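The values are calculated or read from the model by the stated rules, or taken from the named source; none is laboratory data. Since this is a predicted model, take the numbers as computed values, not measurements. Here the Cβ positions follow ideal geometry from the backbone for every residue, glycine too, while neighbour counts run over all protein chains shown.
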Amino acid sequence: MYKTPSEAAGFLHDLAPLVAASAERETPAEVVVCPPFVDIAVAVDAARGTNIAIGAQDLFWLKEGAYTGETSAPMLVAAGCQWVIVGHSERRQYFGETDESVFKKTGAALDAGLTPIVCVGERLDERESGMTENVLATQFAGGLSGLSPEQFARVVIAYEPVWAIGTGRTATPEMAAQAHHFLRSLITARFGEEGGRASRILYGGSVKPDNIKNLMAQPDLDGALVGGASLDPVSFAAIVNF
């Protein structure tokens, strides 16, 4: 929950030239910015003609109705979004998001043509009690495994250990790799070898310019879901350009 519409426009104006070269790589980086709902319209305008796509931070699973305060997938598409975050740990922690609601929201996003970034991850007490894999398996089963192979092929997963978000604590590259490897094994078991290989799994949890190199050196990490470090265009660009 950062940046007014004018601040979001200024941010994208500053960011765009800093990340333009990432589109020229042999494997171009995909760059997505997900601002608050009130910023989406100006963000779409500011990002037009750049290699930056715009997404939303959440959505509701129905197209319309008496659900005051909610925003539907077709509304996001009409506003110019291409992506949407689903089941972020803060949505789960503060707003009662469940695996069931994650599944319904993911389906709604896919039906509307949005690419969902579906978040999974464990809390500190779950990590310390050795429950990480149990938590990931439960979240995957409840939020993702019910999708068809064709639907799942359009999903991006983000592993975000809750204890490493906004705390300055980062999962070591080895811890992140272990969780990503386990998630990929779940995907392979449900969607086959090709599904496992093709899936993109992002890491989110205090990602910064000074730790991106070691994180991305791990074979099962395909990108990053960046929080606080994305608020500054220079910091975010350094991560993108790595």
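At least 2 residues being within 21 Å of Tyr159 (Cα to Cα) is the threshold, and among the helices (runs of 4 or more DSSP H) wholly inside segment 33-96 those reaching it are 89-95.
Filtering segment 217-237 down to residues that are part of a helix (DSSP H, G or I) and of a type in the set (A, V, I, L, M, F, W, C), which residue is nearest to Gly166 (Cα to Cα)? Filtering first and then ranking leaves Ala229.
Per-residue answers, yes or no, for (1) touching a strand residue (DSSP E or B) at 6+ places or on another chain (Cβ under 7 Å); (2) more than 21 Å from Val32 (Cα to Cα); (3) at pLDDT 95 or above:
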residue	(1), (2), (3)
Gly166	no, no, no
Met175	no, yes, no
Gln178	no, yes, yes
Ile187	no, yes, yes
Phe191	no, yes, yes
Ser199	yes, no, yes
Asp220	yes, no, no
Ala224	yes, no, yes
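Across segment 137-196, the number of residues qualifying as of a type outside the set (Val, Ile, Thr), under 17 Å from Lys105 (Cβ atoms) and not in a loop (DSSP other than H, G, I, E, B) comes to 8. The set of residues in segment 188-219 that are under 19 Å from Val118 (Cα atoms) and within 16 Å of the chain's Cα centre (by Cα) comprises Ser199, Arg200, Ile201, Leu202, Tyr203, Gly204, Gly205, Ser206, Val207. Taken over segment 140-185, residues that are more than 21 Å from Leu215 (Cβ to Cβ) and crowded, with 23+ Cβ neighbours inside 10 Å amount to 2. Here Pro28 fulfils each of the conditions (1) closer than 16 Å to Leu231 by Cα; (2) modelled with pLDDT under 95 apart from (1).
For the condition among the charged types (D, E, K, R) and either in contact (Cβ under 8 Å) with a residue 40 or more places away in the chain or in a helix (DSSP H, G or I) (or both), Glu100 qualifies. Restricting attention to segment 1-13, the residues that are loosely packed, with under 15 Cβ neighbours inside 10 Å and assigned to a helix (DSSP H, G or I) add up to 3. Scan segment 197-216 for residues that are among the charged types (D, E, K, R) and either under 19 Å from Gly143 (Cα atoms) or assigned to a helix (DSSP H, G or I) (or both) and jot them down. Arg197, Arg200, Lys213, listed by residue number.
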